[in-house]
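Below: the structure, in structure tokens.
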2 protein chains.
Amino acid sequence: MVKVKVHVTLKEGVLDPQGKAVEKALQAKDFHGVSDMRIGKYMEFTLESSQVERQVEEMCEQLLANPVIEDYRYELEEVVTS
Amino acid sequence: MVKVKVHVTLKEGVLDPQGKAVEKALQAKDFHGVSDMRIGKYMEFTLESSQVERQVEEMCEQLLANPVIEDYRYELEEVVTS
């Protein structure tokens, strides 16, 4: 069993209206000096599979990320079950 | 200037309906062996500030995370400007 950590982020050059909105909200609360805010998804889950990497990549490409506008990257951690 | 990477995740014990929904969607697409799916936010931005850590923590506590149900953690990377 492995713990999988996936980051899904917008591709370079894709506009991030959510990021812009959060930047404005921060400025409205007097937090200055913030720029290039990009907001993405972070997912953690455990996976039992004989082909972990292949399954994670297929899951990302088919469901967890939108391959047209998003990139994904993942890390795997062995889960030690007592 | 620093690059800030923030992870906002639901606190332990807080139900994650979005995570459950994604798990079900994965099963519907014949991806099995997935459990404990937790979905959070991942934010990247650059920050110019004389008190980076204090400002990032205040921004997280006041806007980027909901302290009642979410935890946050952050990493800082020095940005080398040529």
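The values are calculated or read from the model by the stated rules, or taken from the named source; none is laboratory data. It should be emphasised that the depicted structure is a prediction, and the values quoted were computed from it without experimental measurement. Cβ coordinates were reconstructed from backbone atoms using ideal geometry, including for glycine residues, and neighbour counts include every protein chain displayed. Note: accessible area is taken over every heavy atom of the protein model, side chains too, but ligands, DNA and RNA are not part of it. Shrake-Rupley method; radii C 1.70, N 1.55, O 1.52, S 1.80 Å.
With helices as the sole contributors, chain A gives -7000 deg cm²/dmol at 222 nm; each DSSP H run of n ≥ 4 counts as -39500 (n - 2.57), and the sum is divided by every residue. Judged by the mean number of other Cβ atoms found within 10 Å, the most tightly packed of the peptides A:33-39, A:69-75 leads the ranking A:33-39, A:69-75. Distances between copies of B:VAL52, taken at a point 7 Å out from Cα along the Cα→Cβ vector and listed shortest first: 3.2 nm.
Could you size up the charge dipole of the protein assembly as shown around its Cα centre, putting +1 on the beta carbon of Lys and Arg and -1 on that of Asp and Glu, and report it in debye to the nearest 20?
440 debye
Using a 1.4 Å probe and counting only protein heavy atoms, how much accessible surface gets buried when B and A come together, both sides summed, in Å² to the nearest 100?
So the buried area, both faces added, is about 2700 Å².
With its label point defined 7 Å out from Cα along the Cα-to-Cβ axis, B:LYS29 lies at 3.3 nm from the matching points of the other copies, in increasing order. Take every pair of alpha-carbon atoms less than 8 Å apart whose residues are at least six positions apart; their mean separation over the length of chain B yields a relative contact order of 55 percent. Distance between the modelled labels on B:LYS5 and A:GLN18, one decimal in nanometres: 1.8 nm (7 Å Cα→Cβ projection). Considering only chain B, the C-beta nearest to the rotation axis that sends B to A is found at B:TYR42, 2, the distance in whole Å.
Legend: mean number of C-beta atoms from other chains within 10 angstrom of residue C-beta atoms, peptide B:25-37, equals 5.
Excluding same-chain pairs closer than 8 in sequence, count the lysine pairs in region A:1-49 whose Cα atoms lie under 22 Å apart.
Lysine pairs meeting the criterion: 8.
Please report the carbon-and-sulfur percent of the accessible area for region B:2-78; probe 1.4 Å, protein heavy atoms only, DNA, RNA and ligands left out. Roughly 49 percent of what the probe reaches on region B:2-78 is carbon or sulfur. Between the C-alpha center of region B:19-65 and that of region A:1-36 there is a gap of 11 Å.
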